[in-house]
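One structure below.
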Amino acid sequence: MTTTIRIQAGDFDAAAEARKLTDGRRDIGAVVTFAGLCRDEGGSLAALELEHYPQMAEEEIARVAARARARWPLAGVTVIHRHGKVAPGAQIVLVVTASAHRTAAFEAAEFLMDYLKTRAPFWKKEHRADGSEGGWVEARDADDRAAERWAD
């Protein structure tokens, strides 16, 4: 079982990360790859700034990845989350899950993304296209409701 957790400023290659999980493996029947992008919020956003506490964020994401591995029969998990300023259209987050069967790969990827959207220790600040600074982004009720389905 391969688990990769990275928090980085630079972009990532989703296809290359998926290949790292599957190269040389014959037991994997499904790979789910999800890449989250920065929306431009109707043209009003110049950038989204993501802040985190480095060691704390990595440890927390690793803990949740371990929960996913305990809940589903996964052959591999990759979570990459960017920090710093991210422009609209750019990738922010990547979740890759691999399993012998698609249901486990899909559900584990959804579980991890629901966690990342609602509870991961990242703070997001908007920088507006007009030069003003927006506020800190609050969690959305819809994201919280989606995450409730995974409560143990």
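Read the figures in this text as sums done on the coordinates, not as results from a lab. For clarity, every value in this text was computed on a predicted model and none was experimentally measured. Here the Cβ is made from the backbone with ideal geometry for all residues, glycine too, and neighbour counts use every protein chain on show.
Roughly how many whole Å is it from the C-alpha centroid of region 1-39 to that of region 78-110?
7 Å
(i) 2, 10, 21, 24, 22, 14, 6, 1, 0; (ii) 2, 9, 19, 20, 20, 14, 9, 4, 2, 1, 0; (iii) 2, 8, 15, 20, 20, 16, 10, 5, 3, 1, 0: which one is P(r) over Cα pairs in 5 Å bins from 0, in percent as calculated from this entry?
(ii)
Going by average Cβ neighbours within 10 Å, how do the peptides 77-83, 97-103, 50-56, 17-23 rank, with the highest at the top?
Those peptides, ordered most packed to least, come out 77-83, 97-103, 17-23, 50-56.
Let me have the relative contact order for region 1-147, percent, based on Cα pairs under 8 Å that are six or more residues apart.
Dividing the mean separation by the residue count of region 1-147 yields 33 percent.
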